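This report refers to the structure that appears directly beneath it.
The values are calculated or read from the model by the stated rules, or taken from the named source; none is laboratory data. Owing to the predicted nature of the structure, the values given are computational and were not obtained by experimental measurement. Here the Cβ is made from the backbone with ideal geometry for all residues, glycine too, and neighbour counts use every protein chain on show.
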Amino acid sequence: MKIAITIFSLLIFLFPSIIYSFSRPPELDYPFTDLTNLPGYIIYLYNFAVVISAFIALGALVYGGFKYLTSAGNPSKVQDGLDQIKAAIFGILIVLCSYLILKTINPNLVVWPFF
């Protein structure tokens with residue numbers, strides 16, 4: 001009986017809002033609505049990949065710092081932490097250099113649709 005009352009109350013309260021949401025246009029502007037050609041999609045995917053790789057590099061940098069701080073003086077763990085930090089910084093430099101190269105070739109290749 002409790003299940004039937006729960007389902008009935010959910011239908012009463014959620015059904016009108018679901019129907020209302022389909023009856024009006026969306027309020028958000030999605031980034032793909034302006035893009036109608038393949039170069040636009042490629043630019044968008046490149047910019048998305050740059051942002052994701054920056055977050056991954058930041059996570060790798062934090063992880064390397066954590067490994068370095070928790071090494072407790074063990075030389076092999078200290079070296080592992082430092083190698084992780086160096087690799088993360090090298091990854092950030094690669095991302096920044098790719099952005100710089102594309103900006104030098106054609107500034108329209110690195111338009112940021114996120115902002």
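Listed residues 109, 93, 100; which is assigned to a helix (DSSP H, G or I), of a type in the set (A, V, I, L, M, F, W, C) and at pLDDT below 80? Steps first, please.
Details: 93 fails: at pLDDT below 80; 100 fails: at pLDDT below 80.
On inspection, the qualifying residue turns out to be 109.
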note = Pairs returned, first residue in segment 34-58 that is more than 21 Å from residue 105 (Cα to Cα) and surrounded by 13 or more Cβ atoms within 10 Å (Cβ to Cβ), second residue that is hydrophobic (A, V, I, L, M, F, W, C) and at pLDDT 80 or above, beta-carbon separation under 6 angstrom, 6 or more apart or interchain, are 53/95; 57/88; 57/92
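So, residue 88, is that one in contact with a Leu (Cβ under 6 Å, 6 or more places away or on another chain) and part of a helix (DSSP H, G or I) or not?
On the way: in contact with a Leu (Cβ under 6 Å, 6 or more places away or on another chain): yes; part of a helix (DSSP H, G or I): yes.
Judged against the criteria, residue 88 is a match.
May I ask you to verify whether residue 51 is within 27 Å of the chain's Cα centre (by Cα) and modelled with pLDDT of 90 or more? So that I can check it myself, show each step before the final result.
Values: within 27 Å of the chain's Cα centre (by Cα): yes; modelled with pLDDT of 90 or more: no.
No, not satisfied.
Residue 60: closer than 21 Å to residue 48 by Cα and either modelled with pLDDT of 90 or more or assigned to a helix (DSSP H, G or I) (or both), yes or no?
yes
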